[in-house]
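For reference, the structure discussed in these notes is given below.
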Amino acid sequence: MKLALHICCSICFQEPYRSLKTLGFEITGIYYNPNIQPYQEYLNRFDALKNLVKDDRLTLLVPKYNASEAFFDATIKTREEQCNKCYYIRLKRTVEEAKAKSIKHFSTTLLGSPYQKHEFIISTAGRLASEHGLEFVQDPKWKDSYHKSKNNSRSLNLYSQKYCGCIYSKADRKFED
């Protein structure tokens with residue numbers, strides 16, 4: 001069984017990856033995150049992921065980084081709309097990559113974080129699965145291991161981000177400090 005796994009970061013990746021491998025999936029990782037700003041942040045997260053899986057046989061696809069794919073849409077009026085668009089763009093690209101590789105299952109590590117909008121992600125993924133004849137795989141327990149994964153990342157000296165990734169979440173984080 002093959003599965004295309006959208007990967008947002010090394011922390012959120014850990015539990016879904018472990019769980020899906022345990023279920024017998026052959027995983028193709030897709031690191032697609034045009035939302036991450038600035039570009040150095042994108043690279044820091046990608047380097048952490050590569051270091052985490054360096055001894056693993058994970059096939060990793062990395063579509064070209066293009067921040068304009070995720071942002072700068074003048075028709076979006078609210079932060080919630082921006083987040084929803086961001087989730088959709090990444091899930092849609094995952095579905096496209098899966099179909100191009102004849103992979104019938106897909107998922108996202110976004111569900112490995114307790115900070116993401118799980119209901120919207122699951123409903124969007126379900127709609128995309130139905131539209132494209134694929135199966136979306138997820139486990140609501142993945143987010144329960146987030147803090148364990150974050151501690152594991154620290155023990156491995158992997159980069160650990162301080163915000164979701166976009167310019168809006170970065171600004172929010174600055175105001176919280």
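The values are calculated or read from the model by the stated rules, or taken from the named source; none is laboratory data. Worth saying up front: this structure is predicted, and the values here are computed from it rather than measured. Glycine gets a Cβ as well: all are built from the backbone with ideal geometry, and neighbour counts include every protein chain shown.
Could you say whether any residue in the stretch 95-109 is part of a helix (DSSP H, G or I), of a type outside the set (Lys, Arg), touching a Cys at 6+ places or on another chain (Cβ under 6 Å) and at pLDDT 95 or above? Checking the stretch 95-109: at least one residue is part of a helix (DSSP H, G or I), of a type outside the set (Lys, Arg), touching a Cys at 6+ places or on another chain (Cβ under 6 Å) and at pLDDT 95 or above.
For the stretch 19-29, the count of residues that are at pLDDT below 95 and at negative phi is zero. Inside the stretch 29-51, can you point out the residues that are in contact with a Leu (Cβ under 9 Å, 6 or more places away or on another chain) and within 12 Å of residue 160 (Cα to Cα)? Correct list: 47, 48, 49. Considering only residues of the stretch 8-55 that are touching a Lys or Arg at 6+ places or on another chain (Cβ under 9 Å) and charged (D, E, K, R), which is farthest from residue 81 (Cα to Cα)? Ranking the candidates gives 26 first. The set of residues from the stretch 63-78 being modelled with pLDDT under 70 and not in a loop (DSSP other than H, G, I, E, B) comprises just one member, 69.
When we screen 45, 93 for residues that are within 22 Å of residue 133 (Cα to Cα), within 14 Å of the chain's Cα centre (by Cα) and touching a residue at least 60 places away in the same chain (Cβ under 8 Å), the only hit is 93.
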